[in-house]
Every structure is written in C-alpha cells, then in structure tokens.
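Q: Attaching a single structure in structure tokens format; questions to follow.
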Amino acid sequence: MAQTHKIVLTGGPGTGKTTVMHELEHRGYNCFSEISRQVILEARTLGIDQLFLNDPLLFSQKLIQSRQRQYNEAGKQAAEKVFLDRGVHDVIAYMHYAEADYPPSFAETCRQCRYDTVFLFPPWEAIYVSDNERYEDFGQARAIHNFIKSAYIAYGHHPVEVPTGTVKDRADFILHTCGNHSPGMM
C-alpha cells in the first residue's frame, strides 16, 4: 500500500477552510475536521466562555494533543490522501499571536509532525464572519494568518496559497496541485 499523504488546510479564521473541507469530503476524500470548536464548546459546558482567552496554554494543550492524534490517525488511513482542517503548527502560531509561552514539547510535536502539503487560505474580508466561537475581528484574522504562515515555514513547510474563488474552484485548485481529481489516487 502507498504511503498516506497528509494534507493540511490552514489559515486565519473565516477564510473558507472548513467549507472547502466539506466539499472535498462530499467528493469522497477522507477528511479530519477542525477540533477547536469542540474544545470551545466543551469548555462552555464547564462555564468557561472563551477558554483560549482565559487560559491559552490549557486550550492549546488540548488542541495540540488532539491534532497530534489526528495526524497519527491520518497516517493509518487506507486512502492515499487525507485532508486535515488545521495542523499542529497552528497551535504554536496562535500562541505566538497571543504572546503566550508554551512548553518545549509543542515545538517537538511540530518537528515530528511533517505534512506532505500545506494549503494556506488567505484572509478574505468578503466572506469573513464572526460568531460565538470566532471572536476575532478581520484585522486580528489577518494577523493570525501571518503567524500561521510563519509557523509552518519555521518548521520547513512551504505553504501553497489557495486563491479566492468559489468553493468548487478552491477545491479544484487543491486537487490539481495535489496531482489529480480522484479520491484515493496520488
């Protein structure tokens, strides 16, 4: 069996990553969902409205552990391509954005988790929307984008910027860049 290619869709908040991820899933690709909203909602059941703002380190520890599990699980898939909505490097990017310290284990996790391709979704004001889990304004989203790009580059990745356009066009761009349009083939 061929090696599973781990492909990350990343970028600042509100850039269309999850919508494109749903399109790829609809087309039959194996996709791992973003998990930060789940962590946020779990914290709310404990009475913590914004865990990242209240305790960025605890929030980030939960995220990096979950994303590392996703990374490991992606490598066990029978599919040749697996798409992940964000990767472990996003955690460090957000910690830098928050100017928060993090343990050396975060950097070690980033060194160990190598993705085959990283697609970076740029800030796009026309589609940006805030909600209960996405509290950043567009200026903050733009700053986060820069931290994310820097984090992936710092760990040896070469992010490919996804052009703005329709969901179909963006998904097609990703698949074309990966080398084909059929699930399970590389």
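Q: Name the residue that is farthest from residue 10 (Cα to Cα), counting only residues in segment 165-174 that are surrounded by fewer than 17 Cβ atoms within 10 Å (Cβ to Cβ) and touching a residue at least 60 places away in the same chain (Cβ under 8 Å).
A: Result: 168.
Q: Looking at segment 4-94, what helices (runs of 4 or more DSSP H) fall wholly within it and have at least 3 residues that are buried (at least 19 other Cβ atoms within 10 Å of the Cβ) and modelled with pLDDT of 80 or more?
A: Working: elements: 17-26, 36-45, 51-54, 56-74.
Where helices (runs of 4 or more DSSP H) fall fully within segment 4-94 and carry at least 3 residues being buried (at least 19 other Cβ atoms within 10 Å of the Cβ) and modelled with pLDDT of 80 or more, they are 17-26, 56-74.
Q: Pairs under 8 Å by beta carbon, first residue within 18 Å of residue 164 (Cβ to Cβ) and of a type in the set (D, E, K, R) in segment 126-154, partner at pLDDT 95 or above and in a loop (DSSP other than H, G, I, E, B), six or more apart or different chains?
A: Within 8 Å, the pairs are 149/159.
Q: To continue, here is another question. I'd like the full set of residues that are more than 14 Å from the chain's Cα centre (by Cα), at pLDDT below 95 and assigned to a helix (DSSP H, G or I), limited to segment 142-174.
A: If the condition is that a residue be more than 14 Å from the chain's Cα centre (by Cα), at pLDDT below 95 and assigned to a helix (DSSP H, G or I), then 142, 143 are the ones that fit.
The values are calculated or read from the model by the stated rules, or taken from the named source; none is laboratory data. Keep in mind that this is a model prediction, so the values were computed, not measured. A quick note on method: Cβ atoms are made from the backbone with ideal geometry, for glycine too, and the neighbour counts reach across all protein chains shown.
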